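The values are calculated or read from the model by the stated rules, or taken from the named source; none is laboratory data. Keep in mind that this is a model prediction, so the values were computed, not measured. Methodologically, a virtual Cβ is constructed for each residue, glycine included, from the backbone with ideal geometry; neighbour enumeration extends over all protein chains shown. Areas reflect the complete protein model, heavy atoms only, side chains present, ligands, DNA and RNA absent. Shrake-Rupley method; radii C 1.70, N 1.55, O 1.52, S 1.80 Å.
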Amino acid sequence: MIILSKFSAQIYGLLRIVTGFMFAMHGSQKLFGWPSGQPMTGDPMMLTAAIIEFVGGLMIGLGFGTRIAAFIASGEMAVAYFMVHAKNSLYPLINHGELAVVYCFLFLYFASMGSGALSVKGMMKKKG
């Protein structure tokens, strides 16, 4: 659809926002038990993952420090895949690691593209 190409910057911004806030929700679930579940902060690895997911997800969603936050989040998802999911099977559909793989590569893409449209960084540039 040619008409969509006119809005590719805004669509990228929406993808970044939605993905970042969804990732932050994974972190808030681990840190605070919100929106459901119990906090999972007893294990140092889980606490580290929770902080990366919550803070990194907010940074990515807001479009501030996107490249570094997305790069770290991509690495966390690669580690999560191989430490948690791949030990059950190498295949994501069998080991339930599809979300970790998708997040890993989305965040790698965000790290390469930066904040883009609809971002705090973009708004700060316009004011300056």
**Message:** Suppose a student asked you for the relative contact order of the chain, using Cα pairs under 8 Å spaced at least 6 residues apart; what percent would you report?
**Reply:** 26 percent
**Asked** What net charge do the residues around Ala50 carry, taking every other residue with its C-beta under 11 Å from that of Ala50, with Lys and Arg at +1 and Asp and Glu at -1?
**Response** -2
**Message:** Using the crude model of +1 on Lys and Arg Cβ and -1 on Asp and Glu Cβ, and no other charge, please compute the dipole size for the chain relative to its Cα centre, in debye to 20.
**Reply:** 640 debye
**Request:** Would you please classify the overall shape of region 1-68 from the alpha carbon gyration tensor, given that a ≥ b ≥ c denote the square roots of the eigenvalues, rounded means a/c under 1.5, and beyond that prolate means a/b larger than b/c while oblate covers the rest?
**Result:** prolate
**Prompt:** Under a 1.4 Å probe, what is the accessible area of region 48-94 per residue, stated in Å²?
**Reply:** 55 Å²
**Item:** Accessible area in the full protein assembly, largest first, 1.4 Å probe, for Val84, Val120
**Value:** Val84, Val120
**Prompt:** What is the gain in length, in nm to one decimal, between Ala9 and Val101 on full extension, counting 0.36 nm per residue of separation less the C-alpha to C-alpha distance?
**Reply:** 30.7 nm
**Prompt:** Each residue of region 26-39 in order: what ³J(HN,Hα) in whole Hz does its phi give by Karplus 6.51 cos²θ - 1.76 cosθ + 1.60, θ = phi - 60°, with x for Gly and Pro?
**Reply:** 4, x, 5, 5, 6, 6, 10, x, 10, x, 8, x, 10, x
**Prompt:** So for Tyr12, Tyr91, what's the accessible-area order with a 1.4 Å probe, most first?
**Reply:** Tyr91, Tyr12
**Request:** Net charge near Leu118: determine it from the other residues with C-beta under 14 Å of the C-beta of Leu118, scoring Lys and Arg +1 and Asp and Glu -1.
**Result:** +4
**Prompt:** log10 I(q)/I(0), Debye, Cα-only region 33-118, no solvent, q = 0.14, 0.15, 0.19 Å⁻¹?
**Reply:** -0.52, -0.60, -0.90
**Item:** Nearest 10 degrees, 0 to 90: helix 44-62 Cα axis against the chain principal axis
**Value:** 20 degrees
